[in-house]
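What follows is a short report on a single structure.
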Amino acid sequence: MPPDPSSGPFRAPSGTKDVLPPESAHWEKALVTFAQLAHRANYGLALTPLFEDLGLFTRGIGESTDVVGKEMYDFADKGGRRLALRPEFTASVVRAYVQHRPVAPWKVYYAGPAFRYERPQAGRYRQFYQVGIEVLGSADADLDVEVIALAWDYFRALGLNHVSVRLNSLGDASCRPAYRSGLLAYLMDRRDQLCPEHSERLEANPLRVLDCKKEPCRKASVDAPAQVDHLCDECSKHFARVRDGLDSAQVPAEPDTRLVRGLDYYTRTTFEFVAEDLDVAQNAIGGGGRYDELVQALGGPPTPAIGFSAGLERLMLARRAQGTAAEVVEGLEVFVVDVAGGDAARALTRQLRQAGFHADRAFDGRSLKSQLKSADRSGAKLALIIGPDEIEAGVVTLRSLRHAGAGQQISVGRADLIERVRKELL
Ligand code: HAM
């Protein structure tokens, strides 16, 4: 078919973004750093499908949430199954736990894209990347501390210093219903002052009003009762131990009685990490909490659990805003220039890589000048040059490309090459 002249080239769909070199090097660092931290704390990698039964999310996350009510990428497949692209990972991890029944406590981490049909803007995408951890099978408050502290250490490792931690407790099945009724009664008296959306959906979930960023809801709920003042003994003790643990781990958590989060599965501890340099619309770089009732709600045995996720697009924005974006993963070390036919480049590049160096080469049999230009542009510290003279003498010319000493050259025998390259790169 001839190309349709009226249609321009394709572009990435609205609300998605390509992450390409060199920007992707920052992502690589963020992913590798997260995997290392998670491993050190004994979390194993969990890979779950990108799509699941729609019901997993509607039941797990809650029909009254924006994520389920407005933002799901749901569809029927060719077999008529109702499926949805995952809007987050927690429900999928719980589904996998219920399906496979691993030994508890089960500690897993993950990284990958999630999908929400939101209005695209800076830091808010329809496909975005999350990293996170989940622990299933323990109610110990020390795990709340472990999860929050791991997230905190992660942000520090990425060079983010202006991050605040907001902390709340949403109680449990024994103290939440009474609090919820009290809050509902309080807000019913002020229903006409709420924003239209929350006025209409008040009975479905009165806690949502506390999370609403709009002025009318803010004003009407200024003196609303707070869950932390209505916790049962068990929840109160749990919350006190979490706060003590965070104090001794030197994680500066600030109480925030409005922090109810946008997903309905939370119980007890909830938390959010806020990058202070970003606009309020996208300053939540990560969040999480306990979800002690979710496993049972999804058909498993009673199993307390906690986890956290962070959004990589927002981490990148925060890194840029805090001026930490310049430092990237290790760059290229050696660039091979071959003007003697290319056989030496082929063998040498492989040998260098096997010896652990970051190495690349020029292709297409270009001129010496053009290959040296590529070597300069590549950011490599050292060029290894092979021409007919070098082949004849069994040597390689090492040329420094670093600012100090750029252009200095020495000849090295093939047998000593790897050792010499190692020394030159010190
Ligand atoms: P969440 O707060 O919905 O929690 O998302 C976690 C993070 O994902 C947010 O703090 C934000 O950085 C990022 N994020 C969310 N939506 C978008 C978007 N549209 N564009 C860019 N970034 C976004 C959860 O997803 C829970 N599963 C966290 C959790 C784990 N709770 C327990 N375990």
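The values are calculated or read from the model by the stated rules, or taken from the named source; none is laboratory data. It should be emphasised that the depicted structure is a prediction, and the values quoted were computed from it without experimental measurement. No Cβ is skipped: glycine too gets one built from the backbone with ideal geometry, and neighbour counts run over all protein chains shown. The area values use the complete protein model at the heavy-atom level, side chains included, leaving out ligands, DNA and RNA. Shrake-Rupley method; radii C 1.70, N 1.55, O 1.52, S 1.80 Å.
So that you can scan it fast, the table gives a plain yes or no per residue for (1) of a type in the set (A, V, I, L, M, F, W, C); (2) open to solvent by 20 Å² or more (accessible area, probe 1.4 Å); (3) closer than 30 Å to GLU118 by Cα:
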{"residue": "ARG290", "(1), (2), (3)": "no, no, yes"}
{"residue": "ARG314", "(1), (2), (3)": "no, yes, yes"}
{"residue": "GLU333", "(1), (2), (3)": "no, yes, no"}
{"residue": "GLY341", "(1), (2), (3)": "no, yes, no"}
{"residue": "ALA359", "(1), (2), (3)": "yes, no, no"}
{"residue": "ALA362", "(1), (2), (3)": "yes, no, no"}
{"residue": "ARG366", "(1), (2), (3)": "no, yes, no"}
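All but one of (1) without any contact (Cβ under 8 Å) to a residue 60 or more places away in the chain; (2) within 14 Å of the ligand (Cβ to nearest atom) hold for ARG346, so report the exception by its number. Here ARG346 clears every test but (2). Of everything listed in (1) within 23 Å of GLU254 (Cα to Cα); (2) aromatic (Phe, Trp, Tyr); (3) more than 13 Å from the ligand (Cβ to nearest atom), the single unmet condition for PHE155 is (3). Criterion first (farther than 30 Å from HIS358 by Cα, among the polar types (S, T, N, Q), in contact with a Gly (Cβ under 9 Å, 6 or more places away or on another chain) and near the ligand (Cβ under 9 Å from one of its atoms)) does THR270 satisfy it? Against the criterion (farther than 30 Å from HIS358 by Cα, among the polar types (S, T, N, Q), in contact with a Gly (Cβ under 9 Å, 6 or more places away or on another chain) and near the ligand (Cβ under 9 Å from one of its atoms)), THR270 qualifies. The condition of being open to solvent by 20 Å² or more (accessible area, probe 1.4 Å), farther than 25 Å from GLU71 by Cβ and modelled with pLDDT of 95 or more holds for LEU143. Residues of the range 198-208 that are open to solvent by less than 70 Å² (accessible area, probe 1.4 Å) and free of Cβ contacts under 8 Å to residues at least 24 places away in the same chain: HIS198, SER199, LEU202. Entry remark, the range 37-50: residues being surrounded by 18 or more Cβ atoms within 10 Å (Cβ to Cβ) and outside any loop (DSSP other than H, G, I, E, B) number 2 in total.
Go over the candidates CYS212, CYS232, CYS195 one by one and state the one that is open to solvent by less than 40 Å² (accessible area, probe 1.4 Å), touching a residue at least 12 places away in the same chain (Cβ under 8 Å), of a type in the set (A, V, I, L, M, F, W, C) and over 28 Å from ASP144 (Cα atoms). Selected residue: CYS195, the only one of CYS212, CYS232, CYS195 that is open to solvent by less than 40 Å² (accessible area, probe 1.4 Å), touching a residue at least 12 places away in the same chain (Cβ under 8 Å), of a type in the set (A, V, I, L, M, F, W, C) and over 28 Å from ASP144 (Cα atoms). Within this structure, PHE89 passes the test of being out of contact with any Leu (no Cβ under 7 Å at 6 or more places or on another chain), touching a residue at least 24 places away in the same chain (Cβ under 8 Å) and within 12 Å of the ligand (Cβ to nearest atom).
Being within 30 Å of GLU330 (Cα to Cα), assigned to a loop (DSSP other than H, G, I, E, B) and within 15 Å of the chain's Cα centre (by Cα): is that true of LEU31 here? Spelling it out, it is not the case that LEU31 is within 30 Å of GLU330 (Cα to Cα), assigned to a loop (DSSP other than H, G, I, E, B) and within 15 Å of the chain's Cα centre (by Cα).
Among the residues of the range 78-92, is any of a type in the set (Gly, Ala, Ser), over 27 Å from PHE155 (Cβ atoms) and crowded, with 17+ Cβ neighbours inside 10 Å? Yes, there is a match, as at least one residue in the range 78-92 is of a type in the set (Gly, Ala, Ser), over 27 Å from PHE155 (Cβ atoms) and crowded, with 17+ Cβ neighbours inside 10 Å.
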